[in-house]
Amino acid sequence: MVNYKVTLHTDDRVAAGTLNHVYIKLVGTQGESERKWLMGLKGAKAFKKGAVSSFTVSAPTSLGQLVLVEVDKKAFVGFLEDSWFLSMVEVKSPYGDTFTFPVHRWISDSNVHRFREATALRVLDDKHHLGRYSREQELKEREEAYRWHVYTEGLPHCIKAEDLTSLPCEVQFSFTKSTEFAFTAASGLLELKLKGLDNCKKGWTNIHDIDQVFCCKQTDIADYVQKHWKEDSFFGIQYLNGVNPILIRRCTELPRNFPVTDSMLFPSGQMSLDAEIQKGNIFLCDYKHLDGVKTNTINGKTQYLMAPLVLLQKTADKKLMPIAIQLKQTPAEDNPIFLPTDSEYDWLLAKIFVRSADFSEHQLNTHLLRAHLLAEVYAVSLLRNVPMVHPLYKLLIPHTRYTLQINFLARNLLISKNGSFTQFSASGGEGMLTILRRSLSAVTYSSLCITDDIAERGMQDVPNYFYRDDGLRLWDIIYRFVKGVIEYYYKNDQEVQQDTEIQKWISDIFEHGFLSQASTGIPQSFTTLAELVKFVTMVIVTGSSQHAAVNSGQFDYGSWMPNTPISLKRPPPTKKGEANETTMLETLPDVNVTVQGMATVWLLSRKSSDFVPLGVYPEQHFTEETPRKFIKIFQGELEELSNDIIARNKKLEVPYTYMNPTEVENSVAI
């Protein structure tokens, strides 16, 4: 008999262990063992949380190179099946070879689960014969588990799931995450109910009363926002370092539908708009995707959402100051261009309409579409088309953690018919879908790659643009890491072209994420190593640092409602000189709308206790020394960037923390 030492690693997470009987079979190039019940001296403790247990599995002759293990479990008679998180299986042969089989997933049924040997080089080079279980069979099973679903026509496709329990166990929240998420949501709403505000459909009569709606301890930045929200300089800096830092662009030519004149901006003739444009000092924010969308009705009142044009100027003291606001896209007598020289409330109300428009633009385009929905497309395509032992799978799987479940919850709790966004935002309902479709049609590959996007928007040299500074350094760090790993496995362009699994991965992304629109510039296939490296970098950046940049500051900048109203209940002024404090208060959303918005951004900004920072990989998918070396280098560069950001922030009145690697999660998980 030939004896193999088999070691099973049960994960250390909460409720990871099993009391069920566990069975295993070894499959090699020269034969397979019998299915064996793993029963040892430890008894039920062999597979408890965090356990590492070894057993002997025998075969009449050598099995050759091991390529597969089959694992299953059965409940005791009279007992229910439980869930078991198996991290890894290691097998040592009597000939001195060690074979590693990564698992890193929940096993919640009594079916046979098959896991392939980890060495990805063998996958690419040898395409081992796996007996009864071929690569095609594995992918067929995964295609069945991860099916595409059309949630709404004109939007990226998502995973098909009837409810949370129908999501594959390997992509569901941990026990800790599920418990904390439910508690956080419930506690926020409970506090609102205790204050009696969640059903109050009245308007605000005093701006100081808005202080009463804060449902949890304020952050330092939220306090700063409350004190400075009226200031023009703060209005401008939010386009650089707030939650929507990708809209602003350098203005090279004034849009025809924005008839700003020198006499409006520079009445004393001290400078000209054309000259300032030529110097690169003028910037534009255009909310054209919001134009003409159907708005919501809340508390029986029609809501209002504008599609503003905003002009900003870089001043000699390096501030970014708003200099003109037009609230509708089409110039007209009843669509005045508001200026800083107008009355206090004319100008303030114009800025409030812009900030409300920015809420919808940010939540639907910048956050939901470009981070959440596209990250889900990348993840589903990976899980459908790429085997677990493939290097691309190992590289990307940590950056898909919880994404499918958090998006399922978003579709059901935020943007569904009864979702909080649908019920309480100006763009909820039909308008939301219009904005999402328009936004997807405008997405380009270059706009998803921060290096290209910054250049295309002309934002390379704008001072105090910390989103750009930190984002570009993160892109470079991630790019070097991805390049090192991928070039270890692929030696030339031909190997990339011939890898059918990565070609199917990108093909599905093009079809189901970007709806086969060639105008997006998204690759339909990979022809070079360089193309693959860049696209994989973009995928990791999207799910980690880009999502953090547009998500983590929501409570900071949105908890003081006048700075970011989720809806407005009066139309914009059609002439100047009529606005006052009462007009402003009557325009702001009702009390219940305000508190529901605050509760939502509070929930979405909370960090889970099982948060995994960028570059931290608790599950060791790579077994080869070279990729592990690249991971260490990657982590070192992230640590250096983190230290630099911390040092810089000590000098800032408003620190920019959202892209500090220690604050960036590996994946879209909230």
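The values are calculated or read from the model by the stated rules, or taken from the named source; none is laboratory data. Predicted model, so just to flag it, every value in this text is computed and none were measured. All Cβ positions, glycine included, derive from the backbone under ideal geometry; neighbour counts span all protein chains shown. In case anyone asks, the SASA skips ligands and DNA or RNA and just uses the protein heavy atoms, side chains included. Shrake-Rupley method; radii C 1.70, N 1.55, O 1.52, S 1.80 Å.
Annotation: of all residues in the range 76-99 being open to solvent by 20 Å² or more (accessible area, probe 1.4 Å) and within 38 Å of the chain's Cα centre (by Cα), the one that is modelled with the lowest pLDDT is L80. Would you check which residues across the range 399-421 are open to solvent by 30 Å² or more (accessible area, probe 1.4 Å) and touching a helix residue (DSSP H, G or I) at 6+ places or on another chain (Cβ under 6 Å) and list them? Scanning the range 399-421 gives a single hit, L414.
Taking the criterion of being under 16 Å from the mean Cα position of the chain (by Cα) and open to solvent by 10 Å² or more (accessible area, probe 1.4 Å), would at least one residue in the range 391-398 satisfy it? Yes, the conditions are met somewhere in the range 391-398.
Of all residues in the range 600-644, those satisfying the criterion of being among the acidic types (D, E) and either at pLDDT 95 or above or assigned to a helix (DSSP H, G or I) (or both) are E625, E637, E639, E640, D644. Within the range 460-478, being surrounded by fewer than 22 Cβ atoms within 10 Å (Cβ to Cβ) and either over 23 Å from the mean Cα position of the chain (by Cα) or closer than 18 Å to F622 by Cα (or both) holds for Q460, D461, V462, P463, N464. Can you confirm whether E70 is under 21 Å from S110 (Cα atoms), assigned to a strand (DSSP E or B), open to solvent by 10 Å² or more (accessible area, probe 1.4 Å) and acidic (D, E)? It is true that E70 is under 21 Å from S110 (Cα atoms), assigned to a strand (DSSP E or B), open to solvent by 10 Å² or more (accessible area, probe 1.4 Å) and acidic (D, E). Within the range 338-366, residues that are over 30 Å from S447 (Cα atoms) have Cβ atoms under 8 Å from residues that are hydroxyl-bearing (S, T, Y) and part of a helix (DSSP H, G or I) in these pairs: Y345/T583; L349/T583; L349/T587, counting only partners at least 6 apart in sequence or on another chain.
Here the range 162-172 is the region considered, the condition is being within 22 Å of Y393 (Cα to Cα) and in a loop (DSSP other than H, G, I, E, B), and the residue that is least open to solvent (accessible area, probe 1.4 Å) is L167. Per the conditions (1) open to solvent by 30 Å² or more (accessible area, probe 1.4 Å); (2) at pLDDT 90 or above, the sole criterion not satisfied by E180 is (2).
So, restricting to helices (runs of 4 or more DSSP H) that lie completely within the range 191-286, which ones have at least 3 residues that are surrounded by fewer than 18 Cβ atoms within 10 Å (Cβ to Cβ) and more than 34 Å from the chain's Cα centre (by Cα)? Spell out how you get there, then give the answer.
Numbers: elements: 220-228, 232-241, 262-265, 273-278.
Passing ranges, in order: 262-265, 273-278.
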